[in-house]
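Worksheet: one structure, shown below.
The values are calculated or read from the model by the stated rules, or taken from the named source; none is laboratory data. Remember, predicted model here, so these are calculated numbers, not experimental data. Cβ placement follows ideal geometry from the backbone for every residue including glycine, while neighbour counts extend to all protein chains displayed.
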Amino acid sequence: MTRVLVVDDDLSIRKVMSQILVTLGYSVVTAQHGLDAVAVFCSEREHIDLVVTDLRMPVMDGYETVDRIRKVQPAARIICMSSNSAQSYPAGTTFLAKPFTVQAVQDCVGKALLDPP
């Protein structure tokens with residue numbers, strides 16, 4: 001089963017994203033900020049197929065999170081979320097605008113998993 005790490009400082013976003021992903025058939029692990037996400041990713045990297053992270057978070061933002069995860073696993077598949085659709089996002093990641101729909105999550109996750117890392 002595909003395992004997804006969901007990273008967002010907003011508990012309601014983490015819960016909604018997790019519920020959507022579980023409904024779509026994915027296994028989910030969560031983190032509340034980037035520093036936590038990097039620790040989870042490092043301890044479980046063989047079991048995490050995709051990271052979905054917010055870009056704006058306290059403690060460690062999504063940009064630094066992506067950078068640190070890529071240092072551990074350069075080919076990591078990553079989706080970056082933001083409510084600012086004009087915001088730039090790290091190269092080699094897929095973008096998901098907030099608020100999102102179930103269909104948008106399904107399409108974005110499918111694209112991220114199919115695109116070459």
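Tabulated data for the structure shown
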read-out	value
Condition broken by residue 84, with the remaining ones in (1) closer than 22 Å to residue 18 by Cα; (2) modelled with pLDDT under 95; (3) in contact with a helix residue (DSSP H, G or I) (Cβ under 8 Å, 6 or more places away or on another chain); (4) of a type outside the set (Gly, Ala, Ser) satisfied	(3)
The one condition in (1) under 11 Å from the mean Cα position of the chain (by Cα); (2) within 18 Å of residue 12 (Cα to Cα); (3) not basic (Lys, Arg) that residue 57 fails to fulfil	(1)
Residue within region 91-98 that is among the aromatic types (Phe, Trp, Tyr), part of a loop (DSSP other than H, G, I, E, B), at pLDDT below 95 and surrounded by 15 or more Cβ atoms within 10 Å (Cβ to Cβ) present	no
Residue 45 being modelled with pLDDT under 95 and either within 14 Å of residue 14 (Cα to Cα) or of a type in the set (Lys, Arg) (or both)	yes
The listed residue being surrounded by fewer than 22 Cβ atoms within 10 Å (Cβ to Cβ), acidic (Asp, Glu) and under 25 Å from residue 101 (Cβ atoms), out of 54, 8, 49	49
Positions within region 20-56 being acidic (Asp, Glu) and not in a loop (DSSP other than H, G, I, E, B), in sequence order	36, 44, 46, 54
Filtered residues of region 101-117 (kept if part of a loop (DSSP other than H, G, I, E, B) and farther than 17 Å from residue 5 by Cβ)	101, 115, 116
Residue identified as in contact (Cβ under 8 Å) with a residue 40 or more places away in the chain and under 11 Å from the mean Cα position of the chain (by Cα) among 94, 65	65
Considering residues of region 14-27 that are among the hydrophobic types (A, V, I, L, M, F, W, C) and surrounded by 19 or more Cβ atoms within 10 Å (Cβ to Cβ) only, the residue nearest to residue 58 (Cα to Cα)	17
Residue among 15, 71, 98 that is closer than 20 Å to residue 115 by Cα and charged (D, E, K, R)	71
Enumeration of residues in region 63-81 that are closer than 22 Å to residue 18 by Cα and either part of a strand (DSSP E or B) or basic (Lys, Arg) (or both)	77, 78, 79, 80, 81
